[in-house]
1. Residues that are part of a loop (DSSP other than H, G, I, E, B), touching a residue at least 40 places away in the same chain (Cβ under 8 Å) and on the phi > 0 side of the Ramachandran plot: does the stretch 19-27 have at least one?
2. Mind counting the residues in the stretch 58-72 that are in a strand (DSSP E or B) and either within 14 Å of Gly34 (Cα to Cα) or modelled with pLDDT under 95 (or both)?
3. Hey, among the residues in the stretch 91-130 that are among the acidic types (Asp, Glu) and under 25 Å from Cys66 (Cβ atoms), which one's most open to solvent (accessible area, probe 1.4 Å)?
4. Would you be able to say whether some residue in the stretch 6-21 is over 22 Å from Gly110 (Cα atoms) and more than 16 Å from the chain's Cα centre (by Cα)?
5. For the list (1) more than 25 Å from Val2 (Cβ to Cβ); (2) modelled with pLDDT under 95, I need the number of the one condition that Gly133 fails.
6. For the stretch 46-68, which residues satisfy the criterion of being more than 14 Å from the chain's Cα centre (by Cα) and under 13 Å from Asn17 (Cα atoms)?
7. Of the residues Arg26, Arg75, which is of a type outside the set (A, V, I, L, M, F, W, C), open to solvent by 50 Å² or more (accessible area, probe 1.4 Å) and modelled with pLDDT of 95 or more?
Amino acid sequence: MVTLRAAAPGTSVVACNTCRHSAEAREDGDGARGGARLAAALHALQASDPAYAAVSVEEMPCLFACADFCTVHLRAPGKVGYVLGRFAPGDDAARAILDYAARYAATETGQVPFKEWPAGVKGHFLTRTPPEGFVVA
């Protein structure tokens, strides 16, 4: 049975805290899941840098993107959402994700111009999801 809890309002990055460490390994050498490592890096960076004040970092078990380890869901009310994955869990990925999320937060619809994408998110987009009640025209 799934239990839901209220999420933070506004823009959020929801990290899968049970994701595989990599395509080859479920856990790292210390027995930690990649998703847990990425979630920790996202929380630490968001808390330490005011540039990310408009973005909440949340986590949950399993985004069902298991083939694409270390996944996050970027979302905000009334905006197109994105699922990104295949990150190496750590500070570089966390910074790229939060840099993109800050740009995303500043948009009206969730579409960030490609020329503004941080290099660290390019090639990591898995899906685009329409906001509730809308589809992309």
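The values are calculated or read from the model by the stated rules, or taken from the named source; none is laboratory data. All of these numbers come straight from a predicted model, not from anything done at the bench. Every residue, glycine as well, gets a Cβ built from its backbone with ideal geometry; the counts of neighbours run over all protein chains shown. Heads up: the accessible areas ignore ligands, DNA and RNA and are worked out on the full protein's heavy atoms, side chains in. Shrake-Rupley method; radii C 1.70, N 1.55, O 1.52, S 1.80 Å.
1. no
2. 3
3. Top of the filtered list is Asp92.
4. no
5. (1)
6. Cys66
7. The conditions single out Arg75.
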